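Inspection log for the structure reproduced underneath, given as structure tokens.
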Amino acid sequence: MSDVHEIAPRSGVAFTLDRGQRLTVIDPRGEQVADLLAYNRDDVAEVISSGRTLDYASKIYLTTGDPLYSNRSRIMLRIVEDMVGRHDFLLTPCSADTFRIIYGDTAPHRGCFGNLAAALAPYGIGPDEIPTAFNVFMNVPIDAATGALTVEPPLSKAGDSTVFEADMDLIIGLTACSALQSNNHAFKPIHYRID
């Protein structure tokens, strides 16, 4: 069992994950979202794709057994264990613009987008290469009749986790989300472990 790492509230990290390794994302206190990105380590133009993944899955709620595809239709990660069963793959990482446009903040936080951009910069990945993230534990119900979506408190409880297995050598970006609405109005850490 490897060490558990902590991502401080409203921050993010980047690291490598080898093919066959497992990444466990843990919500230590409950009701906290983690934005997850994946890039092919050998060619960072190949990146996790919400559109490809949801198209091939024919559903918007992904859980145990579901693969996460790249923009080149190759499997990057597989969800191999999931204690929560509700995550979002529709909404983009929160950003300073999110906080300005949605919340009306005049001095906005850089959000998950800014945290991911800073963490991924040493790998040569720029802000324009940041796609829609797989938002671990994020709870976004959809109204079947109207298509309206709402952001509700995560269903994750303290200690809940989701485990991903790498299908290729990856660069991972991972955050402890910065948006009040996503995290039931409290900022908390995220833990992760690589096995």
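The values are calculated or read from the model by the stated rules, or taken from the named source; none is laboratory data. All values reported here derive from a predicted model rather than from experimental measurement. Every residue, glycine among them, receives a Cβ derived from its backbone with ideal geometry; neighbour counts consider all protein chains shown. For accessibility, only protein heavy atoms count, side chains too; no ligands or nucleic acids. Shrake-Rupley method; radii C 1.70, N 1.55, O 1.52, S 1.80 Å.
What to note about this one:
- Working ranking of peptides 56-69, 13-26 by packing, defined as the average number of other Cβ atoms within 10 Å per residue, highest first, is 13-26, 56-69.
- For residue 134, the shell of other residues with beta-carbons less than 13 Å away shows a net charge of -1, using +1 for Lys and Arg and -1 for Asp and Glu.
- In segment 61-145, the alpha-carbon atoms span a convex hull of 147 Å³ per residue.
- Each Lys and Arg contributes +1 and each Asp and Glu -1, all at the Cβ; summed about the Cα centre of the chain, the dipole is approximately 200 debye.
- Converting phi to 3J(HN,Hα) with the Karplus coefficients 6.51, -1.76 and 1.60 and the offset θ = phi - 60°, segment 152-163 yields 10, x, x, 7, 5, 10, 3, x, 5, 8, 9, 10 Hz in sequence order, with x at every glycine or proline.
- Scoring 93-100, 140-147 by mean Cβ neighbours within 10 Å over their residues and listing the highest first yields 93-100, 140-147.
- Helix-only arithmetic for the chain: the sum of -39500 (n - 2.57) across DSSP H runs with n ≥ 4, divided by the residue total, places the mean residue ellipticity at 222 nm at -3500 deg cm²/dmol.
- In the context of the full set of protein chains, the chain has a per residue accessible area of 44 Å² (1.4 Å probe).
- With DNA, RNA and ligands ignored, accessible area of residue 83 (1.4 Å probe; Å², nearest 10): 110 Å²
- Kirkwood hydrodynamic radius of segment 1-42, from the reciprocal of the average inverse Cα-Cα distance over all distinct pairs: 12.4 Å.
- Here residue 3 and residue 180 are evaluated by their C-beta separation; at R0 = 30 Å the FRET efficiency comes out at 0.50.
- Globularity index of the chain, i.e. its alpha-carbon radius of gyration over 2.2 N^0.38 Å: 0.94
- Extension gain, residue 107 to residue 149: 0.36 nm times the residue separation minus the Cα-Cα distance gives 12.5 nm.
- Cβ-defined net charge surrounding residue 32, 13 Å radius [Lys, Arg +1; Asp, Glu -1]: -1
- Inter-label distance, residue 74 to residue 157: 4.0 nm, where each label sits 7 Å from its Cα along the C-beta direction.
- Prolate/oblate/rounded label for segment 93-195 (Cα gyration tensor, a/c 1.5): oblate
- Compared with the alpha-carbon gap, the fully stretched path from residue 90 to residue 45 is longer by 14.2 nm at 0.36 nm per residue.
- Near residue 56, once Lys and Arg are set to +1 and Asp and Glu to -1 for all other residues with Cβ below 13 Å from its Cβ, the sum equals +3.
- With 0.36 nm allotted per residue and the present C-alpha distance subtracted, the residue 121-residue 58 stretch has 19.4 nm of extension available.
- Whole-angstrom gap from segment 3-28 to segment 41-56, using each part's C-alpha centre: 19 Å
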